[in-house]
1. Could you please state, rounded to a whole Å, how far the C-alpha centre of the range A:217-287 is from the C-alpha centre of the range B:131-159?
2. Over the Cα atoms of the range A:117-174, each weighted equally, I'd like the Debye log10 I(q)/I(0) at q = 0.22 Å⁻¹, rounded to two decimals.
3. Excluding A:G28 itself, what net charge comes from residues whose Cβ is under 13 Å from its Cβ, given Lys and Arg +1 and Asp and Glu -1?
4. If the viscosity is 0.890 mPa s and the temperature 25 °C, what translational diffusion coefficient in µm²/s does Stokes-Einstein give for the range B:477-537 when Rh comes from Kirkwood over Cα pairs?
5. Using a Cα-Cα cut-off of under 23 Å, which lysines could be cross-linked to A:K143, ignoring same-chain neighbours fewer than 8 residues away?
6. In debye to the nearest 20, how big a dipole does chain B give about its Cα centre with +1 on each Lys and Arg Cβ and -1 on each Asp and Glu Cβ?
7. Where the convex hull is taken over the Cα atoms of chain A, what is its projected area averaged over directions, in nm²?
8. Can you give the mean number of other chain Cβ atoms that lie within 10 Å of the Cβ atoms in peptide A:240-253?
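A short reminder: the numbers here are calculations on the coordinates, not readings from a lab. This structure is a prediction, so every number in the text was calculated from the model and none was measured. Glycine gets a Cβ as well: all are built from the backbone with ideal geometry, and neighbour counts include every protein chain shown.
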Amino acid sequence: MLLEPQLRARLERLALANRTRLRGVWGGRHRSTRLGESLDFADYREYNPGDDYRRIDYNLWARLGVVLIRLFEAEDEMPLQIVIDNSRSMDFGDKFPAAQQLTAMVTYMALISGERIRLATVPEPGSSGLVGPWARHVSAWPKMETWLEDLDPDGGTDLVAASRIVASTVSRGPIVLVSDLLQPGWQQAIDLFGTARGGVVLHVLSPAELDPDLTGDLTLRDIETRSEVPVSMSGDAVERYKARVQGFAGEASRRCRRVGLDYVLATADTEVLDRTLRQLVAGGTVR
Amino acid sequence: MSFLAPGALGLMALSIPLIVLYMLRSRRQRFEVPSVLLWSGEEQFVSAALPWQRLKITGVLLLQLLTLIGFAVLLGRPFFREQTLLGPHTVLIVDSSGSMATAGRLDDALGQARSLASDASEAQLISVVEAGAQSRVLVAFSREPDDVLAAIDSIAPGGTTEDLAGALRLARGLATPDRPTTLLILSDGGIAGAIEEPVANAQHVLFDSRGDNLAITGFGTGVPGEGATRLFLEVTNFSVGPESVTARLLVDGLEVGSEAFDLDAGERSQRIVAVDAGAGQAVSAVLGGQNDANPLDDSASLVLSAGTDLTVTITGDGSPFLGALVESVPGLRPAAGAPPDVLIVDGGDAGIVDRPAWIIAPETPPPGITVVGRLESPIVSYQRPGEPILDGLDLSELAIAEADIVDALGWLPIVRAGEIPLVLMGEVAGHRALYFTFDIVRSNLPVQVTFPILGARILDWLGGNRVAATSTAPAGTAIGLTPPAGGTSLVTVPSGQQMTLSAEATTFTGTASPGVYRVDYLDQDGAAAGSAVAARQFVATESTGDARQISTTLDDTATEAEGTLLREWAPLILAILLGVVLIEWWVAFGRPLPRGRRRAEVAS
């Protein structure tokens, strides 16, 4: 079970916020980029044959002698795409369990709100599409939870490909990316994710990555690429590394804001869910 | 610097493998991290082809070399030679006389004794002898520093004159035949007049610190006068400048009056003071309002006793001063034709003395004394220290027209002009006798303030100490005890401490401290069976603070080797090593330990 019942009850009172107009396939609760059948007045236009005569504004016709029909806002669903990074770099400390829980938290909130969501993992290099289930109702939560629980951190590593696929999706909605961003080209991936209609990047890092507890002469091996770096782990070296980590997180945050995405740095510890949820509420991503 | 184990220095050769270890390519431990992206820039690549690398002289290497050398030197046990006063067997003679209380002399002496005791090796024996009123051996032939230190700590300053001659006799009695014995005299030299010859195989460590000192140098009764008891009080300023002081007078601890003194440097002032005190009461004088070098001589006490009337007859010329003396001293009265208790022979025939007598320049000297000449204008140069008759009296201003030169074998001179006796104590026909070699009317003695006191004390002594109105003696004088059969004596010393003595104890000798001693007698059932009070006074001659070097000699057995101490550098080197290790740790890790870094634990 990825989410405790108490947390689910709390999430049922929250919903993902949307700051832009959407273009969904199905009707929903969010303002659409097209006109439609809602009660919110949008505009007038001249009557054309075939228009619904129930929309003719007779008062204006009598007063101005022009036949105009009333146009109304449309309300669409929010097609939400959630991409979880299950590359090997996430298999460090509690990073991947934290990413699973964060993904489950966003998924459950969206399902409760009646959004149409899609869960997907980062594809392998050369893939042409994202792999993952769709769902539109909370009744699909067990299926989504099982899918998340069955994920292993041995998946693809092409974050840029994932972003391109998301950017090319016809039904554009917000994007939620749960990743450590520890892949070359992460900057380009964020720029492409920014072509979606808003969203949030949950940047998951382990406490041991933020403040490594290493000493002595070591050879560091990359879990994903198996490349190695010989390092003499002195106090100064650790301090320089910590400065680079802070710079990395700061650059990711700035780049996300520039392309219209929210950014939350999620430290993978026991408090990650509660702390991240509070940061999302404080940032207006969730209300 | 020399080494006790120089072979250990060979451990310095370990520095070679240490340097070799630094030249070997290190085998790094491998750890997995999520990504090496963020570690770019920290790479320190080494050649994998060669097992060796170029030696880099780092701070850690230098500190490790320094630590290694330090340990090698430490194991080599470096030492230096230090001169010491200790020999194979050293007898420490510690002077605890009243003068050693001046300006912390005794504290310094005890400190040096403790230092020597701590420095002694297991092969060195130490004995400790206290030179006080009664010299005594505190510890003998000890190899245990704790025992020696305990003996040293038991020494406290007294108000007495040191018995240095007796202490030297005791110390020589401790000489060991199998090893040279060195006497180490820790003393100010004081008034050790009995030590005329150089002390053989001894060294004298002189303690001569000085300070401003005001002292009560005379305190007694027996002075004629009207009304209550008349006290004689003399205060002397031994400071280098003028001093003012107030002497408080106390009767049984209650203040009954005071006397103010303004004294120039070296000045002595004498007062006659009347106080309302009677028999059995303790009278004290205490100097206050000043903080001088010797606190022991700032107070004096005496106990008034009832006394018994003595009859006195004056024969010979019969100086009017003597008649006035007899009539004015309480407890004395003329014999009026009856056989007297005490006889004063003033210039007459002393050959037929048949009772205690004060013989003053007689025409015919008593048996045992022969007049061999005359000396004009003798000057008093010696008063016997600790003599109760002279206690607190200064006869240095005594002017005498002429005195007989006598040959008095068996008589004890108590006042001398050079080697010529002026006043002698002895016996005539089994009776006490005091002999003046000069006529008092041809001297200024009768007009001296001290004359009534001196006369009263002489007659008191001749009368068997029955007349005197006071019960006092120099510190160190034993107190006679008369406990009831099977009972005990409870002695309360001036400090308030109480000691219980068994019925067999007939004297109490722990009277080195000046002050009032109270003795309570208890019978077999513990019930009170009488009491007595006695006073012991600071010996005034100890107040001068004079110090002098005692002449000593060392024989050939005291070689230079026996006078040196091997002191190791180990504590200093250990401290340096600890500091080096801490610096090395700091240099290696750059920050303190508290975070408790674990080595090589990256991911759970």
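1. 77
2. The Debye formula, applied to the Cα set alone, gives -0.94.
3. Working: positive: A:R21, A:R23, A:R29, A:R31, A:R34, A:R116, A:R136; negative: A:E37, A:E73, A:E75, A:D76, A:E77, A:E115.
Neighbourhood net charge equals +1.
4. On the way: Rh = 11.4 Å.
D = 216 µm²/s.
5. Excluding near neighbours in sequence, the set is A:K95.
6. On the way: 38 positive and 68 negative charges, 837 e Å.
The dipole magnitude comes to about 4020 debye.
7. Values: hull surface 73.9 nm².
In nm², the orientation-averaged hull projection of chain A is 18.5.
8. Details: counts 4, 4, 1, 0, 6, 1, 0, 1, 2, 0, 0, 0, 0, 0.
Mean shielding by partner chains, rounded to a whole number: 1.
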